Structure formats: C-alpha cells, structure tokens
1. Tell me which residues, restricted to segment 40-82, are of a type outside the set (A, V, I, L, M), open to solvent by less than 80 Å² (accessible area, probe 1.4 Å) and in a loop (DSSP other than H, G, I, E, B).
2. Could you go through segment 24-45 and let me know if any residue there is in contact with an Asp or Glu (Cβ under 8 Å, 6 or more places away or on another chain) and not hydrophobic (A, V, I, L, M, F, W, C).
3. In segment 27-39, which residues are crowded, with 20+ Cβ neighbours inside 10 Å and in a loop (DSSP other than H, G, I, E, B)?
Amino acid sequence: MKNTAVYEYFDAFISTDETGISKRDPHVYVYAAQMLGLDITDCVVFEDVPTAVKTAQTTGAQVVCVFDERWSAFKAEMEETADKYIYSFNEME
C-alpha cells in the first residue's frame, strides 16, 4: 500500500505480521479498529483475498473487495460477499 496513490488517505495499516493474527480470524480487523479508537461497525475494510473478505464480513464492518487478478476465479463469490466490489480505488466516492 505504501507504493500506491491512496496511501495518504488512510489513518492506519495493520498487518498480520505485526499482530500475529491470521486474516481468517476476525480479531485482526477488530484489533485494527481498536488501534484507531473506533468501533468495528464504524470501519471500512479493504480486502482482495477471498477468505479475508468472508472473515471481514463477519465483523460488522463495511467490506470493500478490491480486484486482484490472482483471485479472479473467485470474483463472483467476492462480489456477492463484499458490500462493494471495485477494480480501482478511483471508484471510491
């Protein structure tokens, strides 16, 4: 993300490397919200991995799936699971 044009628009980034929590565990998203001092239901999660989209959806956060060619075989599933599906951050209003 640091190498993208959208980096400056985010308040924080939390990785599974620093938390030791897998994206298969919803606590990684709850932890990120807590780090921001927010309730998870007030957050938007951006994900591009099918299992992470499903997990994030269980937290009550809004989930935006960002297209990634590596996961194109799961596109229909992710479109159905996520609250919004985008191909580019330019699509965000």
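1. At the first step, the residues of segment 40-82 found to be of a type outside the set (A, V, I, L, M) are 41-43, 46-48, 50-51, 54-55, 57-60, 62, 65, 67-72, 74-75, 77, 79-81.
If we keep only those that are open to solvent by less than 80 Å² (accessible area, probe 1.4 Å) too, we end up with 43, 46-48, 50-51, 55, 57, 59-60, 65, 67-68, 71-72, 75, 77, 81.
Residues satisfying the conditions are CYS43, ASP48, THR59, GLY60, PHE67, ASP68.
2. The answer is no; no qualifying residue exists.
3. Scanning segment 27-39 gives no hits.
Residues checked against (1) hydroxyl-bearing (Ser, Thr, Tyr); (2) over 24 Å from GLU91 (Cβ atoms); (3) in contact with a Phe, Trp or Tyr (Cβ under 9 Å, 6 or more places away or on another chain); (4) in contact (Cβ under 8 Å) with a residue 60 or more places away in the chain:
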| position | (1), (2), (3), (4) |
| --- | --- |
| ILE21 | no, yes, yes, no |
| ALA33 | no, no, no, no |
| CYS43 | no, no, yes, no |
| VAL53 | no, no, yes, no |
| ALA61 | no, no, yes, no |
| VAL64 | no, no, yes, no |
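The values are calculated or read from the model by the stated rules, or taken from the named source; none is laboratory data. This is a predicted model, so every value here is computed, not measured. Note: ideal-geometry Cβ built from the backbone for every residue, glycine included; neighbour counts use all protein chains shown. When the accessible area is computed, the model is the full protein with side chains, heavy atoms only, and any ligands, DNA or RNA have been set aside. Shrake-Rupley method; radii C 1.70, N 1.55, O 1.52, S 1.80 Å.
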